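The values are calculated or read from the model by the stated rules, or taken from the named source; none is laboratory data. Remember, it's a predicted structure, so these values are computed and weren't measured experimentally. Because the Cβ atoms are built from the backbone with ideal geometry, glycine has one as well, and the counts that use them run over all protein chains shown.
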Amino acid sequence: MNKVKIFDTTLRDGEQSPGCSMNLSEKIEVARALEKLRVDVIEAGFAISSPGDFESVKTIAETVKDCTVASLARATVGDIDAAWEAVKGAADPRIHTFIATSPLHMEYKLRMTPDEVYETVQKMVSYAAKYCKNVEFSAEDATRSDWDFLRKVVNAAIKCGATVINLPDTVGYTTPAEMRALIEYVMAGVEHPDGVEFSVHCHNDLGMATANSLAGVLGGARQVECTINGLGERAGNSALEEIVMALHTRPDVYRANTRLDTTQIYRASKLVYNIIGQTAPINKPIVGKNAFAHEAGIHQHGVLANRMTYEILTPEAVGIHANSIVLGKHSGKHAFESRLHELGYNLGPEELVSCFEEFKVLCDKKKSINDADIEAIVMHRSRTDESVSGYELDWFAAHTSNFTTSTSTVCLKLDGEKFEGVALGDGPIDASFKAIDGIVKPGEHTFDIYSINSISEGKDTLGDVTVKLSAGGRSYSGKGLSTDIIEASITAYLTALNKMRAAGMAAEPAKEE
Ligand code: KIV
Ligand code: ZN
């Protein structure tokens, strides 16, 4: 069996795509989940791109112990300096430098000749290798590059100290057969292959990212770059969960495995969706709601007789546990805790108490509590940055109809004082947010994301709201969870505003004389 390393770029290629931005504490949570998942490399960001990115790469490098931590860098001195400054505190730091090698990119984007690109690769890989023995070189748009030029550049990069050579399908253009042939061709031309690892990085523009990455493995790649849930530029990158479970399910074909703890896949997927305020499409492989559901009678019959008739992998293998017990208001702390254990959560005593309190509140509103509800409570409670102090909701009263303008009155508490705001709005949520704005007076900011998802089936389902705001180049997020979606929205908005306020981005309340 060959070992395939998993290089996760959720925090770089994933995070840089629209609607997927994360703040520092969210990135740290994802990095911790990736470490638990046992990925080999975490690409924590693109250090030069912003002070926020630099800070998060540096913090992750200093936090994570069991994975290599990489920062992306263009092939320039400034980028490589910043990447090294950010990752040098890691247990195993890596500089990942890249330059485009396709005629189109060299001529129109870089405005460089092939000779200039070749020279730059030599200079910049040598420069990075002075800092760090773990240097990855990526030939951007490799799949649309001239294969002989690619070989020449790759050999130069290796001679100058690159230990990992990555061939990205930057625009999701290649095919599995072509990807395998490209890897084989370039590898066959490597003059000093010892200690050099080949890698693939595929985008999903034609829905081929997983197939192309796996073809790369068949061609000899020993590192696959991918993201949780396939987040990434445009149609995304290849999805980690698909790559890992394909290798896991077909060792007879790929003759390769990974070191990952596959039972952490579902939780990592949920965490990332939760942070970006989305849910998996129901038919998403591995992590979608229907990925292990069998509706057709003939399928159900087969699965009952032998699961393998229609299941090539078990839900348990990715950390999904059968929903055998439904809890309710008569369930005690012990039952709640043991269900949490079965779901793979080991909470500390304080976290357990606060989750149990939230569970009891929910029991008064909802007759039966299933696993999705419990996971939502834990996820909501355990978010490390949700506890920022500031305004709290005392009460609200919203009025809405389909023939009048909605109004909302909101009463907030801050340091023992109460503040009331009232506003009209386009619907009760807009009215409530405007009433809050009248009290909190947030400074200049943009309202980036409002999303609402239902946690489970039924009319009494929990509404899970995500709000993301940005101000001064930083993003502030808030989550709200309630069977009342206006309350969940207010909580999410207030949490995000409190974080903005804690960063000095909102006015202090006017004191009444
Ligand atoms: O898609 C791509 O080419 C990249 C490189 C920077 C590795 O993300
Ligand atoms: Zn990419």
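Couple of notes before you dig in:
- Of the residues making up the range 69-84, none is of a type in the set (Gly, Ala, Ser), within 17 Å of SER269 (Cα to Cα) and within 15 Å of ligand 1 (Cβ to nearest atom).
- Residue among PHE419, PHE433 that is outside any strand (DSSP E or B) and surrounded by 17 or more Cβ atoms within 10 Å (Cβ to Cβ): PHE433
- GLN264 of a type in the set (S, T, N, Q) and assigned by TED's automatic domain parsing to the domain that holds ARG222: yes
- Entry remark, the range 263-310: residues being farther than 30 Å from GLN16 by Cα and surrounded by fewer than 16 Cβ atoms within 10 Å (Cβ to Cβ) number 16 in total.
- The listed residues are LEU206, LEU167, and the only one of them that is surrounded by fewer than 24 Cβ atoms within 10 Å (Cβ to Cβ), under 26 Å from the mean Cα position of the chain (by Cα), within 16 Å of ligand 1 (Cβ to nearest atom) and free of Cβ contacts under 8 Å to residues at least 60 places away in the same chain turns out to be LEU206.
- Residue in the range 241-251 that is closer than 24 Å to TYR185 by Cα, surrounded by 20 or more Cβ atoms within 10 Å (Cβ to Cβ) and modelled with pLDDT of 95 or more present: yes
- Single match in ASP81, ASP92, ASP8, ASP13 (criterion: over 24 Å from LEU240 (Cβ atoms) and not β-branched (Val, Ile, Thr)): ASP81
- Scanning the range 1-42 for residues that are more than 13 Å from the chain's Cα centre (by Cα) and of a type in the set (Val, Ile, Thr) turns up VAL4, ILE6, VAL39, VAL41.
- Checked against the criterion of being modelled with pLDDT under 85 and in a helix (DSSP H, G or I), the range 352-374 contains not a single residue that satisfies it.
- Selection count where residues are within 30 Å of VAL467 (Cα to Cα) and touching a His at 6+ places or on another chain (Cβ under 9 Å), scope the range 267-304: 1
- Put simply, of ALA317, ALA296 the only residue that is within 28 Å of ALA239 (Cα to Cα), of a type in the set (Gly, Ala, Ser) and at pLDDT 90 or above is ALA317.
- Output for the range 213-240, where each listed residue is part of a loop (DSSP other than H, G, I, E, B), surrounded by 24 or more Cβ atoms within 10 Å (Cβ to Cβ) and within 13 Å of ligand 1 (Cβ to nearest atom): LEU231, GLY232, SER238
- Residue in the range 378-393 that is touching a Pro at 6+ places or on another chain (Cβ under 9 Å), part of a loop (DSSP other than H, G, I, E, B) and either touching a residue at least 40 places away in the same chain (Cβ under 8 Å) or surrounded by 13 or more Cβ atoms within 10 Å (Cβ to Cβ) (or both) present: yes
- In the set SER102, SER138, SER71, only one residue is in contact (Cβ under 8 Å) with a residue 12 or more places away in the chain, within 16 Å of ligand 2 (Cβ to nearest atom) and farther than 30 Å from ASN23 by Cβ; that residue is SER102.
- Answer from VAL154, VAL164, VAL125 - the residue that is under 16 Å from HIS96 (Cβ atoms), within 16 Å of ligand 2 (Cβ to nearest atom) and not hydroxyl-bearing (Ser, Thr, Tyr): VAL164
- Residue tally, condition under 23 Å from PHE137 (Cα atoms) and either among the polar types (S, T, N, Q) or within 16 Å of ligand 1 (Cβ to nearest atom) (or both), over the range 1-39: 14
- Residue satisfying all of: in the range 201-213; more than 11 Å from ligand 2 (Cβ to nearest atom) and touching a strand residue (DSSP E or B) at 6+ places or on another chain (Cβ under 8 Å); nearest to SER71 (Cα to Cα) among these: SER213
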